[in-house]
1. Filter the stretch B:33-49 for residues that are without any contact (Cβ under 8 Å) to a residue 40 or more places away in the chain and surrounded by 12 or more Cβ atoms within 10 Å (Cβ to Cβ) and give the result.
2. Name, by its number, the condition in (1) modelled with pLDDT of 85 or more; (2) not aliphatic (A, V, I, L, M); (3) not in a helix (DSSP H, G or I) that does not hold for B:Ser315.
3. Need the failing condition index for A:Ala129 against (1) in a helix (DSSP H, G or I); (2) within 12 Å of another protein chain (Cβ to nearest Cβ), just the number.
4. Taking the condition surrounded by fewer than 22 Cβ atoms within 10 Å (Cβ to Cβ), more than 14 Å from chain B (Cβ to nearest Cβ) and either in contact (Cβ under 8 Å) with a residue 12 or more places away in the chain or in contact with a strand residue (DSSP E or B) (Cβ under 9 Å, 6 or more places away or on another chain) (or both), does A:Arg112 pass?
5. Would you be able to say whether some residue in the stretch B:1-24 is closer than 18 Å to B:Tyr292 by Cα and either hydrophobic (A, V, I, L, M, F, W, C) or not in a helix (DSSP H, G or I) (or both)?
6. So which of B:Ala261, B:Ala251 is at pLDDT 85 or above, surrounded by 22 or more Cβ atoms within 10 Å (Cβ to Cβ), closer than 19 Å to B:Glu163 by Cβ and within 16 Å of the chain's Cα centre (by Cα)?
7. Considering every residue within the stretch B:80-88, establish whether at least one is in contact with an Asp or Glu (Cβ under 7 Å, 6 or more places away or on another chain) and either of a type in the set (Asp, Glu) or within 14 Å of another protein chain (Cβ to nearest Cβ) (or both).
8. Quick one: A:Gly207 ticks every box in (1) touching an Asp or Glu at 6+ places or on another chain (Cβ under 7 Å); (2) surrounded by 15 or more Cβ atoms within 10 Å (Cβ to Cβ); (3) not in a helix (DSSP H, G or I) bar one, so which box is it?
Amino acid sequence: MPSPHSTDVLDTYTLNMGPQHPSTHGVLRMKLTLRGEEIVAADPVIGYSHRAHEKMAENRTYAQFLPNTSRQDYLSGMIYNFAWVEAVEKMAGIAVPERALVARVILAEFNRIASHLMWVGAFLLDLGAATPFLYAWDDREAILFLLESVTGSRLTYCTGRFGGLNRDLDPAFPDRAREVLAKLRARWREYERLIEDNVIFINRTKGVGVLSRDLCLSYGVTGPTLRGSGVPYDVRKAEPYGAYARFEFEIPTRSEGDVFARYMVRVLEMQQSVRIIEQALDQLPGGPILNPDSIGVKKRLKLPAGTQYYAVESARGHYGILLVSEGGTEPYRAKFRTPSYANLAVLTDVMPGNMVADAVAVLGSVDLVLPEVDR
Amino acid sequence: VIAAVHGLLARVLGDFGATLLLGVGLILGYLTFNVLFLIWLERKVSAHAQRRLGPMEVGPHGSLQTIADMLKLLSKQLVTPVATDHFTFLMAPILIFVPTICLASLVPLGDAQAFANMPNGLAVVVVLSGVTVIAVFMAGWSSNNKYAVLGGMRSVAQVVAYEIPVLLSALSVVLIAQTLNLWGIVEGLPRWHGIPVPYAVLEPVAALIFFIGITAETNRAPFDIPEAESELVGGFHTEYSGMRFALFFFAEYTNMLVLGAVGATLFLGGWKGPFVHSLPWLGPVYLLLKAYAVVFLMMWARWTFPRLRFDQLMSFAWKLLIPVALLNLVVTAVVLALIAAPA
């Protein structure tokens, strides 16, 4: 009879979880070494949806790369789209009208809520509860509908332009947005009762997949996953960009670092996003949505030679763009620092010792978007 | 009508043959209808729990949807992976039905209306409800797939664990009824002012444990870990496709109804109900209504709760359910002894 703690290779077997598996959220492959149901080692294999976005950026003009941006992370595409636009604006020194700055915050925060809602649903589905998924998607649908009315697309938005947005918010937008917010506010209590008060959910998530503060920092984990481990780091507060500095909001953190903490951080974050949107709707100024100097059919945008790093807080964490320009119409190099990549790497350290079922819970709790890992 | 058909058949096959043929035919016929109905019901229950409509297109309120789905499954190619243990792989989906159908024949449908009225019926029920797991394990083991093996292993461990509380809670009813015969258990219902009182009123703890136990034995959420989709893809039936997959699917729903009927017999007063003495045909109706109420509860639970983890599931059975069921049994025995003592 082998000892329960033996690491003898004959006592273990390998299970390939993915790339086609209901809970690997796309095309992640986890090479799990198991002893019975217990995980001995976990090795994530990535690259199944690599599309060479960074290389594509090198042979496109800055404007031509716009549609690629939201395809890196299809769940919070708006934030990625604006990040590229703002990075280029900052380097080229293009002024952005006030109205566009505030509108970007509104749209980006709505997108963040939609992304978190999607996560809540998918995560609960990983735990085997199908109903919250439909509830979350119902709410998310209201947001997608709202965003579609502004941008024309549901997921892969391309509404940012250098110097503003491609189209203005219509006059009825604030009222419709407030309606959606009211609906969301009414839902928090329902989620609490269905999910957070459920004893099975608590048992499945509390104390599971604990990421210590130091471990997170050493791997460069960011976003809600990091804040669930007690580090109040959020780019929106740490290095405010766009119009974020003028709004009041808090950075929710939890010190436990377990799956439940990451769930709570995301739920509280959605409430903060609602707060931001409400303030932004109150302060939404009039005026043009696009800087008239920045447009023109024949105008070809050239960035001054140099290197610049620009970071935003995506729904998954710290998203950075390193732009290297040689003064031409295309970047010499564009490097994207995507949060899920670091968040995935840390899993190798927390998986061992857990059960197979926990592997699914932990994997779900860091909110991976594989196209964003692979780029 | 049944008696007339039975008489006709008996001329050709003899009495035993006729009963067997008619019984199997009726049970299989009804169970097939039941599967179609329950799958439709499950989709409707899940839809309404999730604020959807569910199937609406095929037939009124989508009631013919399952028939359409079954035709689709029938038309699909049966894939047998090369590395399977062929004989076991093919037998598993057929064998999974056998114990369930045997079980169905034991449940008394009305006053003296069971296909097989065995003196120790409950003991046979407990044995048969545990045998299903052998077919599940055959499927998991013969598939030569790691997910399927994990699912099969989980299933065995789960059924072994949950059979004990089911048995213990059923025993506390037996203590009151003083018989293992299912018909006798219902007939011997205690009376309050002449009205039969279901055992669930006297034994609420046992009824609850029995319900949890049969939910686990039928692999239903939140105890559906043998086929936990998000972890094990399809669990023990990962490698099954087409009609073979459908057979597992059907077995699950058949099992739900039959175990629901056993639960109704034990705890909810079986076929008994108002006016059943003057109108005996009400007996099966009451029994089925009660059984479907139990099934509805199981569906409701499935669409509300997340899934337990495997070790939590086991400790729930061994550390909580079994001690509580045992305690309940002892308390029942002591109370009965105290009541009986003065007399």
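The values are calculated or read from the model by the stated rules, or taken from the named source; none is laboratory data. Treat the numbers as computed from the prediction; the structure is a model and nothing was measured. Reconstructed Cβ throughout: ideal geometry from the backbone, glycine too, with neighbour counts over all protein chains shown.
1. Passing the criteria: B:Leu36, B:Phe37, B:Trp40, B:Arg43, B:Lys44, B:Ala47, B:His48.
2. The one condition B:Ser315 does not meet is (3).
3. (1)
4. So A:Arg112 fails the test.
5. Taking every residue of the stretch B:1-24 in turn, none turns out to be closer than 18 Å to B:Tyr292 by Cα and either hydrophobic (A, V, I, L, M, F, W, C) or not in a helix (DSSP H, G or I) (or both).
6. B:Ala261
7. Within the stretch B:80-88 (the criterion being in contact with an Asp or Glu (Cβ under 7 Å, 6 or more places away or on another chain) and either of a type in the set (Asp, Glu) or within 14 Å of another protein chain (Cβ to nearest Cβ) (or both)), the answer is no, since none of the residues qualifies.
8. Condition not satisfied by A:Gly207: (2).
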